[in-house]
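Please read the structure below before turning to the comments.
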Amino acid sequence: MKNKALIIIAALSLILAVGAVQILPDQIAVHFGISGEADRIGSKYEVFLFTAVVIGITSAGILLRRKFENDIRTAAGEKEASHAAGNAKICGIVCTVVSAVMLGMECVMICIAYSGLERISGTEGELYCSVTAILMGILFAVLGNIMPKMKMNGLMGLRTIWSMKNEEVWERCQRMGGTVTFFGGVAVILSGIVLRGYPSLAAMMIIFLVIFAVMIKGSHQIYTDWEKENKNG
């Protein structure tokens, strides 16, 4: 079964949520402010929100994969079919990794709720912050490694008005975006290991903003350079 991993992760998420509501108190901390204090208390059943997201990603992954596989059958040529086949495989990998990270985040939330923490501080709270940063860093590092392999499409990859101009610009943009995303993800992982508590999450947000800014600016520069090359040629 091509979507076996996705389905297994969704099933684990559901089982974990069902088990969690059996042992968690009725009210749990579900959000923490910049100060580290819990600023919203909610129902223990909010753990199912993670399950809903995972199931949503699973459904989207299955549908997108079917879409790319249909593109293979309707492709006008061998090259187009090869591109669709590659994107179908990448789609499965991306959705599986995102689902796995969301499952990890679900575990973090349940652990915080079970511990009764109302402030992300101390050794335990700092650990949860670091784990969150590391999980997100792993996600970006994996995505960065995959991006250069994505063929031009309307659903995945670094898609800007510049990167979508033609296949050559697309490939250059994916290589640039993949490199930035990969090393940004590594930086987030290191911040989760080195920094403690909220500083690791703050560093994560700053790094993510830098990644997106560099990719947008970079895609524009790549297209500008391509235009100059072709005009000169």
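The values are calculated or read from the model by the stated rules, or taken from the named source; none is laboratory data. What you see is a predicted model, and the numbers here were worked out from it, not measured in a lab. Don't worry about glycine lacking a Cβ; one is built from the backbone with ideal geometry, like all the others, and counts go over all protein chains shown.
If Ser13 satisfies every condition in (1) under 11 Å from Ser99 (Cβ atoms); (2) modelled with pLDDT under 90 but one, which is the exception?
(2)
For the range 61-79, give me the residue count where each residue is of a type in the set (Gly, Ala, Ser) and either exposed (fewer than 15 other Cβ atoms within 10 Å of the Cβ) or touching a Lys or Arg at 6+ places or on another chain (Cβ under 6 Å) (or both).
2
Output the residues belonging to the range 68-96 that are of a type in the set (D, E, K, R) and modelled with pLDDT of 85 or more.
Answer for the range 68-96, where residues must be of a type in the set (D, E, K, R) and modelled with pLDDT of 85 or more: just Lys89.
Can you go through Ile57, Ile41 and tell me which one is of a type in the set (A, V, I, L, M), in contact with a Ser or Thr (Cβ under 6 Å, 6 or more places away or on another chain) and in the same structural domain as Thr96 (by TED's automatic domain parsing)?
Just a single option satisfies the conditions, and that option is Ile57.
So that you can scan it fast, the table gives a plain yes or no per residue for (1) under 19 Å from the mean Cα position of the chain (by Cα); (2) under 30 Å from Gly92 (Cβ atoms); (3) of a type outside the set (Ser, Thr, Tyr):
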position	(1), (2), (3)
Arg159	yes, yes, yes
Lys165	no, yes, yes
Ala187	yes, yes, yes
Gln221	no, no, yes
Trp226	no, no, yes
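If you take the residues in the range 63-114 that are hydroxyl-bearing (Ser, Thr, Tyr) and farther than 30 Å from Thr132 by Cβ, which one is farthest from the chain's Cα centre (by Cα)?
Thr74
Test Ala113 against the stated conditions and say whether it is over 21 Å from Ala60 (Cα atoms), in the same structural domain as Ser13 (by TED's automatic domain parsing) and surrounded by 17 or more Cβ atoms within 10 Å (Cβ to Cβ).
yes
Would you confirm whether or not the range 143-158 contains a residue that is closer than 24 Å to Val194 by Cβ and of a type outside the set (S, T, N, Q)?
Yes; the residues of the range 143-158 include at least one that is closer than 24 Å to Val194 by Cβ and of a type outside the set (S, T, N, Q).
Restricting attention to helices (runs of 4 or more DSSP H) lying wholly within the range 116-233, give those where 3 or more residues are without any contact (Cβ under 8 Å) to a residue 12 or more places away in the chain and under 30 Å from Pro25 (Cα atoms).
In the range 116-233, 122-146 are the helices (runs of 4 or more DSSP H) which contain 3 or more residues that are without any contact (Cβ under 8 Å) to a residue 12 or more places away in the chain and under 30 Å from Pro25 (Cα atoms).
So which residues in the range 1-36 are touching a strand residue (DSSP E or B) at 6+ places or on another chain (Cβ under 8 Å), surrounded by 13 or more Cβ atoms within 10 Å (Cβ to Cβ) and not β-branched (Val, Ile, Thr)?
Ala29, Phe32, Gly36
Looking at (1) buried (at least 17 other Cβ atoms within 10 Å of the Cβ); (2) in a strand (DSSP E or B), which is the only condition Val53 fails?
(2)
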